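Enquirer: Handing you this structure, nothing more for now.
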Amino acid sequence: MYLSSNGSVTPEKRLGQNCIVQPLLTDLYQITMAYAYWKSGKTQEHAVFDLFFRKNPFNGEFTIFAGLEECVKFVDKFSYSKSDIDYIRQVLPSNVEEEFYGYLGNLTAKGVSLYAMQEGSVVFPRIPMLRVEGPLIVVQLLETTLLNLVNYASLITTNASRFRMAANKLNLFEFGLRRAQGPDGALSASKYSYIGGFDGTSNVLAGKLFNIPVKGTHAHSYVTSFNSLDELTTKNLAPNKGGKPVDFVDLAVSWRKKIVSIFNVMLSEVNNGEFAAFISFAIAFPNSYLALVDTYDVKKSGLINFSAVALALGDLGYEPVGIRLDSGDLAYLSLVAREVFTQISKDFKRPSFAKLMIMASNDINEETILSLNEQGHEIDSFGIGTHLVTCQKQPALGGVYKMVEINGQARIKLSHDVDKVTIPGKKDAYRLYGDSNLALIDLLQISSEDPPEVGKKVLCRHPFQESKRAFVTPSKVENLLQLYWKDGKICQPLPNMQEIKERVVNSLKILRPDIRRALNPTPYKVAVSDNLYHYLHNLWLENAPIGELS
């Protein structure tokens, strides 16, 4: 739930701006440029910047755009406080004129227009996720913070969506708080992994702030804290539907004797400290009993102790949840566990026992899940931490923020590396669909061009390779950049997290399976219009120096 400004509780969770996200969350050179612009008399200059990336992460061929809501909040609240100005005065050289600080103190983003893709949409290299227009000094000062808000959010959301595709319909829980890059990184990871397709988190604060389902059981330390059944001080448990409490320890012990033959082990081999831990945890949480069974030996101890306690709970009308595996051969152990649960279900007429949850953790990455799928397993859900929240496979998206126009004149950045040459001018982006309602190509056009039309042939060109071109006759045209902020106001409602989460799912469906696949995916095509192609190359020739041989 969300707290409104008057303190009342509302059903949609819409938090205020993160207090860390403020104008000083920037690189110093943004402020030094602002002064240089100001001293050069550029306070009335109007600029257009594109925020985009050059390469999809994780060796994939798609990215999910995220972080828009935080960007809009930042632009909405953009202003320097007196203490901000006092600090800037300390860090800038003493020759900076006092009038500049007065100028900064009155600065807002009311003159900025912010265009963006819909949050949760698939996006591809060179397509602007944000187009920022407005006074040069202001839009320059927004750069670092906007990149910070978009880069990590989009990276985590994309990573989570890849885990979701690998796991298919199995439950996914984010367990990365202890491995994340600091408190704010952990909260962002929980939020955007949920948007990307995860079902919940272990992060309690994220659950409270973002209304994300929280999940957790116990650690190995809880199991090792017990040594014997004699340590149990609470032994009785009342039936689920009421009645006189029964000696739950005796009930669990009797069940362990009955089922030990299924496991082909001696009772002396089964760890009693683990048994005591499971009993105590079940007494504490009889309606949500899920136990970590790999502290000692899964086959010779963990499964036996868990099953005995679970059967005892069943006698009292409770439904145990299942087990968690945190080490070992996860595919094999899950198959063993399912076989045991199925056998007990048949032998003791407990139908639900065969369907107990088997959760797996243990440093799982996308490739681990794909490998488990190939091996065959009986895992129902995964708890994923390090590889999700740190994006170990690729720790940064590489988004950039480039000026493409100033005072109506296009600007281009040249480089010996063609990938780093920018596409100049104020542009619109369109997604063209084929007859199967799958996306065919994304097209960049000069904003003054007429948009593509359904049923009309469009020439789409590779921005840098002259011979790569194709005609496309779209069955559907989608305008990708929508206006979210102008004249100091939010121009359209921002979706809540659940709506963004659903958009991620629907957006991925517009891509062919070979574009989405994990191994050797097919690149998605991004093109420019014929007019933009010639505009780009003419501007390139105008700005590129002509060499001289001697």
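The values are calculated or read from the model by the stated rules, or taken from the named source; none is laboratory data. Values in this document were obtained by computation on a predicted structure and should not be read as measured data. Cβ: placed from backbone, ideal geometry, glycine included. Neighbour counts: every protein chain shown. What goes into the accessible areas is simple: the full protein's heavy atoms, side chains included, and nothing from ligands, DNA or RNA. Shrake-Rupley method; radii C 1.70, N 1.55, O 1.52, S 1.80 Å.
Enquirer: When only residues in region 510-523 that are open to solvent by 30 Å² or more (accessible area, probe 1.4 Å), out of contact with any Asp or Glu (no Cβ under 8 Å at 6 or more places or on another chain) and outside any helix (DSSP H, G or I) count, which is farthest from ILE195 (Cα to Cα)?
Expert: ASN520
Enquirer: Still on this structure, please answer the following. For ARG131, indicate whether it is open to solvent by 10 Å² or more (accessible area, probe 1.4 Å), within 24 Å of VAL528 (Cα to Cα) and charged (D, E, K, R).
Expert: Taking the combined requirement at face value, the residue does not satisfy it.
Residue-by-condition table, conditions (1) modelled with pLDDT of 95 or more; (2) over 30 Å from VAL112 (Cβ atoms); (3) out of contact with any His (no Cβ under 8 Å at 6 or more places or on another chain):
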site: SER475; (1), (2), (3): yes, yes, yes
site: LEU483; (1), (2), (3): yes, no, yes
site: LEU508; (1), (2), (3): yes, yes, yes
site: PRO513; (1), (2), (3): yes, yes, yes
site: GLU542; (1), (2), (3): no, no, yes
site: ILE546; (1), (2), (3): no, yes, yes
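Enquirer: Can you name the residue in region 104-113 that is touching a residue at least 40 places away in the same chain (Cβ under 8 Å) and crowded, with 16+ Cβ neighbours inside 10 Å and is also nearest to LYS73 (Cα to Cα) among such residues?
Expert: Checked region 104-113; the qualifying residue nearest to LYS73 (Cα to Cα) is ALA109.
Enquirer: Could you list, in sequence order, all residues of region 241-252 that are surrounded by fewer than 19 Cβ atoms within 10 Å (Cβ to Cβ) and in contact (Cβ under 8 Å) with a residue 24 or more places away in the chain? Step through it out loud before you land on a result.
Expert: Initial filter on region 241-252 (surrounded by fewer than 19 Cβ atoms within 10 Å (Cβ to Cβ)): 241-247, 250.
Listed by number, the residues that qualify are LYS241, VAL246.
Enquirer: Now a separate question. Looking at region 297-310, is at least one residue in contact (Cβ under 8 Å) with a residue 60 or more places away in the chain and either closer than 19 Å to GLU378 by Cβ or out of contact with any Leu (no Cβ under 8 Å at 6 or more places or on another chain) (or both)?
Expert: Of all residues in region 297-310, those in contact (Cβ under 8 Å) with a residue 60 or more places away in the chain come to none.
Among the residues of region 297-310, not one is in contact (Cβ under 8 Å) with a residue 60 or more places away in the chain and either closer than 19 Å to GLU378 by Cβ or out of contact with any Leu (no Cβ under 8 Å at 6 or more places or on another chain) (or both), which makes the answer no.
Enquirer: Based on this model, can you work out whether LYS486 counts as in contact (Cβ under 8 Å) with a residue 60 or more places away in the chain, open to solvent by 90 Å² or more (accessible area, probe 1.4 Å), in contact with a strand residue (DSSP E or B) (Cβ under 7 Å, 6 or more places away or on another chain) and of a type in the set (Lys, Arg)?
Expert: Working: in contact (Cβ under 8 Å) with a residue 60 or more places away in the chain: yes; open to solvent by 90 Å² or more (accessible area, probe 1.4 Å): no; in contact with a strand residue (DSSP E or B) (Cβ under 7 Å, 6 or more places away or on another chain): yes; of a type in the set (Lys, Arg): yes.
Against the criterion (in contact (Cβ under 8 Å) with a residue 60 or more places away in the chain, open to solvent by 90 Å² or more (accessible area, probe 1.4 Å), in contact with a strand residue (DSSP E or B) (Cβ under 7 Å, 6 or more places away or on another chain) and of a type in the set (Lys, Arg)), LYS486 does not qualify.
Enquirer: Here are VAL260, VAL293: which of them is closer than 17 Å to PHE353 by Cα and buried (at least 20 other Cβ atoms within 10 Å of the Cβ)? Spell out how you get there, then give the answer.
Expert: Details: VAL260 fails: buried (at least 20 other Cβ atoms within 10 Å of the Cβ).
Exactly one of VAL260, VAL293 is closer than 17 Å to PHE353 by Cα and buried (at least 20 other Cβ atoms within 10 Å of the Cβ), namely VAL293.
Enquirer: Determine whether region 270-281 contains at least one residue that is buried (at least 17 other Cβ atoms within 10 Å of the Cβ) and over 21 Å from ASP294 (Cα atoms). Write out each step before concluding.
Expert: The initial filter retains those residues of region 270-281 that are buried (at least 17 other Cβ atoms within 10 Å of the Cβ), namely 270-281.
Retained after the next criterion (residues that are over 21 Å from ASP294 (Cα atoms)): none.
Scanning region 270-281 turns up no residue that is buried (at least 17 other Cβ atoms within 10 Å of the Cβ) and over 21 Å from ASP294 (Cα atoms).
Enquirer: Would you tally the residues in region 39-69 being more than 25 Å from THR422 (Cβ to Cβ) and either touching a Cys at 6+ places or on another chain (Cβ under 8 Å) or not in a loop (DSSP other than H, G, I, E, B) (or both)?
Expert: Keep residues of region 39-69 that are more than 25 Å from THR422 (Cβ to Cβ), which gives 39, 41, 69.
Next, from what is left, pick out any that are either touching a Cys at 6+ places or on another chain (Cβ under 8 Å) or not in a loop (DSSP other than H, G, I, E, B) (or both): 39, 69.
Within region 39-69, residues that are more than 25 Å from THR422 (Cβ to Cβ) and either touching a Cys at 6+ places or on another chain (Cβ under 8 Å) or not in a loop (DSSP other than H, G, I, E, B) (or both) number 2.
Enquirer: I need a count of the residues in region 285-321 that are more than 22 Å from LYS235 (Cα to Cα) and either under 34 Å from the mean Cα position of the chain (by Cα) or not in a loop (DSSP other than H, G, I, E, B) (or both). First the steps, then the outcome.
Expert: Of the residues in region 285-321, the ones more than 22 Å from LYS235 (Cα to Cα) are 294-300.
Okay, now just the ones that are also either under 34 Å from the mean Cα position of the chain (by Cα) or not in a loop (DSSP other than H, G, I, E, B) (or both), so 294-295, 298-300.
Count: 5.
Enquirer: Applying the selection to region 90-103, what residues are without any contact (Cβ under 8 Å) to a residue 24 or more places away in the chain and touching a helix residue (DSSP H, G or I) at 6+ places or on another chain (Cβ under 7 Å)? I'd like the intermediate steps shown before the answer.
Expert: Within region 90-103, the subset without any contact (Cβ under 8 Å) to a residue 24 or more places away in the chain is 90, 93-95, 98-99, 101-102.
The one that is without any contact (Cβ under 8 Å) to a residue 24 or more places away in the chain and touching a helix residue (DSSP H, G or I) at 6+ places or on another chain (Cβ under 7 Å): TYR101.
Enquirer: Just to be sure before I move on: is LYS457 closer than 22 Å to ASP428 by Cβ, under 34 Å from the mean Cα position of the chain (by Cα), open to solvent by 50 Å² or more (accessible area, probe 1.4 Å) and of a type outside the set (S, T, N, Q) in the structure I sent? It would help to see each step written out before you state the result.
Expert: Working: closer than 22 Å to ASP428 by Cβ: yes; under 34 Å from the mean Cα position of the chain (by Cα): no; open to solvent by 50 Å² or more (accessible area, probe 1.4 Å): yes; of a type outside the set (S, T, N, Q): yes.
In short, no.
Enquirer: Let me confirm something: among ILE31, ILE85, ILE20, which residue is modelled with pLDDT under 95 and touching a helix residue (DSSP H, G or I) at 6+ places or on another chain (Cβ under 7 Å)? Let's see the steps before the verdict.
Expert: Numbers: ILE31 fails: modelled with pLDDT under 95; ILE85 fails: modelled with pLDDT under 95.
None of the others qualify; the one that does is ILE20.
Enquirer: A further question on this structure: For ILE441, which of the numbered conditions (1) of a type in the set (Val, Ile, Thr); (2) surrounded by 13 or more Cβ atoms within 10 Å (Cβ to Cβ); (3) out of contact with any strand residue (DSSP E or B) (no Cβ under 9 Å at 6 or more places or on another chain) fails to hold?
Expert: The one condition ILE441 does not meet is (3).
Enquirer: Taking CYS491 as meeting all but one of (1) within 15 Å of CYS71 (Cβ to Cβ); (2) more than 27 Å from the chain's Cα centre (by Cα); (3) free of Cβ contacts under 8 Å to residues at least 12 places away in the same chain, write down the number of the exception.
Expert: CYS491 satisfies every listed condition except (2).
Enquirer: Out of (1) part of a strand (DSSP E or B); (2) at pLDDT below 95, the odd one out for GLN492 is which?
Expert: (1)
Enquirer: Next up: Scan region 500-509 and tell me whether some residue there is surrounded by 14 or more Cβ atoms within 10 Å (Cβ to Cβ), in contact with a Pro (Cβ under 8 Å, 6 or more places away or on another chain) and farther than 29 Å from VAL418 by Cα.
Expert: Yes.
Enquirer: If we only count strands (runs of 3 or more DSSP E) wholly inside region 409-482, which ones have 3 or more residues that are in contact (Cβ under 8 Å) with a residue 60 or more places away in the chain, within 15 Å of PRO128 (Cβ to Cβ) and of a type in the set (A, V, I, L, M, F, W, C)?
Expert: Because the criterion is at least 3 residues that are in contact (Cβ under 8 Å) with a residue 60 or more places away in the chain, within 15 Å of PRO128 (Cβ to Cβ) and of a type in the set (A, V, I, L, M, F, W, C), the strands (runs of 3 or more DSSP E) in region 409-482 that meet it are 439-446.
For every residue, the table says whether it meets (1) touching a helix residue (DSSP H, G or I) at 6+ places or on another chain (Cβ under 6 Å); (2) without any contact (Cβ under 8 Å) to a residue 40 or more places away in the chain.
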site: LEU205; (1), (2): no, yes
site: PRO213; (1), (2): no, yes
site: LEU232; (1), (2): yes, no
site: PRO239; (1), (2): no, no
site: PHE263; (1), (2): yes, no
site: ALA277; (1), (2): yes, no
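Enquirer: When region 67-89 is examined, which residues are found to be of a type in the set (Asp, Glu), exposed (fewer than 15 other Cβ atoms within 10 Å of the Cβ) and touching a residue at least 40 places away in the same chain (Cβ under 8 Å)? Even if it seems obvious, please write down each step before you answer.
Expert: Start the filter on region 67-89 by keeping residues that are of a type in the set (Asp, Glu), which leaves 69-70, 76, 84, 86.
Remaining after also requiring exposed (fewer than 15 other Cβ atoms within 10 Å of the Cβ): 86.
Hits for region 67-89: nothing passes.
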